[in-house]
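Bear in mind that the values in this text are calculations on the coordinates, not laboratory data. Note that the structure is a prediction, hence the values are computed from the model and not measured. Note that we place each Cβ from the backbone using ideal geometry, even for glycine, and neighbour counts take in every protein chain shown.
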Amino acid sequence: MITPDATGGKGPYRAVFPQIRTVGTDGLLVSFAEDLSEPANHAALAFRAAIEAADLPGLLETSASLVSAYLRFDIGVTDHGAMWTMLEALLSSQDWTVAPLPGGRKLWRIPTVYGTDLAPQLEEAAAVAGLTPEEAIASISNARVRVQTIGFAPGMPYLGELPPDWAIPRQTELTGQVPAGGLCVAIRQLVLFPVDTPTGWRQIGQTAFPLFRPDEAEPFSLRPGDEAQFVPVPAAELAAMRNAPNGAATFEVLP
Amino acid sequence: MTPALIVHRAGPGVTVQDLGRPGYLAFGLSRGGAADRLALAEGAALLSQDDGLAAIEMAGIGGEFEVTADMRIALTGAVMRATIDGSRIAWNGSHLLAAGQRLSIGAAESGSYGYLHLGGGVAAAERLAARSTHLAAGLDSVLSPGTRLATGPDRHPGAAGMTLDADPRFEGGTVRVVPSLQTEFFDPGEIARFEADEFRRDTRGNRMGARFLPGGEGYRNEAGLSVISEVIVPGDIQITGDGTPFVLLSECQTTGGYPRIGSVLPADLPRVAQAQAGARLKFRFVPLEEAVKVERLEQARRKGLRRALRPLIRDPRSMADLLSYQLISGATAGDDLERPLP
């Protein structure tokens, strides 16, 4: 059985949230808002954890994006109708927008070289935000941002939310190549790249923080819900940071 | 010593691939694995072994290989010219490769990704519970000359000389698509135009995705570039800023902001991955219910591929390249072609 709405996601374009949509042939997506907000992000993280905990028959994989939780299931074991019904029951069991953040969260302090030829777009990004480069560094480094989702590339965090000055758009043209550890800004968010990547985000800083370590017991350094502060350091320290554990970053576990 | 495959020469896109590593999507690592998963199933059937064993994927061009102990091999996917010590061997077949012989695999004659399967599979060390090279994630890299790859224990040593009819998927054609989470960002007129259009595979593409050039103008949508980044799955047809579709493949990013007009059925994704530059492709929407039926049938069909095996009979009438076969060892009277074959 397939719920009528599931046959091609024919829900209204301006949907009521939470909203369930189909993804490809074997996935469902539960979205809590159309745009990023703190309650929707909390809901997405908590609801994904709840799907994992519910031990649904046929469940293969889950993830959380900024405002949604995704699940993929084995269509040889179950079907869209059964999964849809279980998701609706789970959705109505509580108000997910007020759910707490995951436990065991960490606050990372990550040494960052701002500007210089290591991060050549600091001045440009500051100008777009209407700030001097000094004000920009102060604004970013004082912000305590949270990992809203991990995605795009392995271990890559989207961090927010920055002060309103940073509601700057992405560039229409891609920056040739931002190196691994590059800190980039747009739309009141920061991203930190695990590998060299062309991007539309402007690079304002360079860290030595390793995000993806496939051969370690914990391959991914950050988890959704973790917090971070990007502490300014002189460019001369970068070489030493590269040799230090965790790129010289430190953490404390949040209560 | 464990039997091994030695790489003497390799094209620029030769990697170890299996069914990939599910379970890391939440950490931004896509499943990856073979670009053409059907080819893994065909290779597994030809060698009567598990389709989870790792094989060698060859993008566009193969290489030259040798084994340290007699080994069974099978060749699937994009048809490439293959020889053992200079004698042509059949594609979509299983063969014996003796220690020290040279296996030479050339450029793809049709399709994009060819596969070399080994009896017992490639037994390279697992990383994050799989052996697939994930180029985009920096998990291992392309094979280079001098590489030695250990192989696993072969449960049926000596059992070769089989063939099967490969599912034709190397020249483009029509692929089925389901509506997905963002299909409604496109108005019905654009969807209709998309279904009527004939696309050409662009030269740009890799294991992350393949670009398709529209016959007419690009595709517009209401959401534009303001749509929030959302989960991506292989098969998703992303419409980039200039209105050109990009079909995401095995090594795709896990989230993305470009709206997606639909998602290609996993059963038809090998046809997308295998389309060569210039190949023509059409997209046809099917209801989700039909897509699920198709997928269930295809999963069952792949499991049953072994039943479709036939002995590799060398019928001279169908051998256009008869002279490339070593029919008789040693010297002959020189009138082989005048005499009737036994």
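With the convex hull of the Cα atoms taken as the outline of the protein assembly as shown, the averaged projected area works out to 30.1 nm². The range B:1-23 and the range A:107-124 have their alpha-carbon centroids 39 Å apart. Distances between placed amide hydrogens fall under 5 Å for B:Leu29 paired with A:Gly155, all partners being 5 or more residues away or on another chain.
Derived scalar couplings between HN and Hα for the range A:151-163 equal x, 6, 10, x, x, 7, x, 9, 10, x, 10, 7, x Hz in order, rounded to whole Hz, by the Karplus curve 6.51 cos²θ - 1.76 cosθ + 1.60 (θ = phi - 60°), x for Gly and Pro.
Extending 7 Å from the Cα toward the beta-carbon at both A:Val98 and B:Glu217 defines two label points whose distance is 5.0 nm. Between B:Ser112, B:Ser94, B:Ser229, the GNM of chain B built on Cα springs shorter than 10 angstrom shows B:Ser229 fluctuating the most. Look at where the Cα atoms of the range B:178-213 and of the range B:78-129 average out, and the two centres are 33 Å apart. When only Cα pairs below 8 angstrom with a gap of at least 6 residues are kept, chain B shows a relative contact order of 20 percent. Run the Debye formula on the Cα coordinates of the range A:107-170, all scatterers equal and no solvent, and tell me log10 I(q)/I(0) at q = 0.14 1/Å. Here log10 of I(q) over I(0) equals -0.46. Over the C-alpha atoms of the range B:173-302, the Rg to Rh ratio, Rh being the Kirkwood estimate, stands at 0.94. When shorter helices are ignored and each DSSP H run of at least 4 residues is given -39500 (n - 2.57), the per-residue value for chain B at 222 nm works out to -3500 deg cm²/dmol.
Neighbours of B:Gly278 by Cβ distance under 13 Å: Lys/Arg scored +1, Asp/Glu scored -1, total +2. Over all other residues within a Cβ to Cβ distance under 15 Å of B:Leu213, the charged ones net out to +2, with Lys and Arg as +1 and Asp and Glu as -1.
Distance from the C-alpha centroid of the range A:141-160 to that of the range A:17-51: 18 Å, rounded to the whole angstrom. Working note: Karplus 6.51/-1.76/1.60 with θ = phi - 60° gives the range A:240-246 the couplings 5, 4, 5, 8, 8, x, 6 Hz, where Gly and Pro are set to x. With the convex hull of its Cα atoms as the shape, the range B:31-161 has an orientation-averaged projected area of 7.4 nm². Lys and Arg at +1, Asp and Glu at -1: add these up for the other residues within a Cβ distance under 13 Å of A:Ala129 and post the number. Taking every other residue near A:Ala129 into account, the sum is -3. Put simply, the amide H of B:Leu213, placed in the peptide plane, has neighbours under 5 Å in B:Arg200, B:Arg201, B:Asp202, leaving out anything fewer than 5 places away on its chain. Residue-wise HN-Hα couplings along the range B:80-86, as the Karplus relation 6.51 cos²θ - 1.76 cosθ + 1.60 with θ = phi - 60° gives them from phi, are 10, 7, 10, 9, 10, 6, x Hz; Gly and Pro carry x. Ordering B:Ser30, B:Ser180 by the number of other Cβ atoms within 10 Å of each residue's own Cβ, fewest first, gives B:Ser180, B:Ser30.
From the Cα gyration tensor of the range A:2-91, with a ≥ b ≥ c the square roots of its eigenvalues, which class applies: rounded if a/c is under 1.5, or else prolate if a/b is larger than b/c, or else oblate?
oblate
Here chain A is treated as an ellipsoid with the same Cα gyration tensor; its semi-axes, largest first and in whole Å, are 36, 20, 16. On full extension, the segment bounded by A:Ala127 and A:Arg109 gains 3.9 nm, given 0.36 nm per residue less the C-alpha separation.
In plain terms, the C-alpha convex hull of the range A:106-253 casts an average shadow of 8.0 nm² when viewed from every direction.
Between A:Ile168 and A:Ile187, A:Arg188, the built amide H atoms are under 5 Å apart, and every one of these is 5 or more places off in sequence or on another chain. Let's test the formula: R0 of 45 Å, r as the Cβ-Cβ distance of B:Asp165 and B:Ala125. What FRET efficiency results, to the nearest 0.05? The value I calculate is 0.80.
The relative contact order of the range B:173-302 comes to 37 percent, based on Cα pairs under 8 Å that sit 6 or more residues apart. For chain B, the Kirkwood estimate of hydrodynamic radius, built from reciprocal distances between every pair of different alpha carbons, is 21.2 Å.
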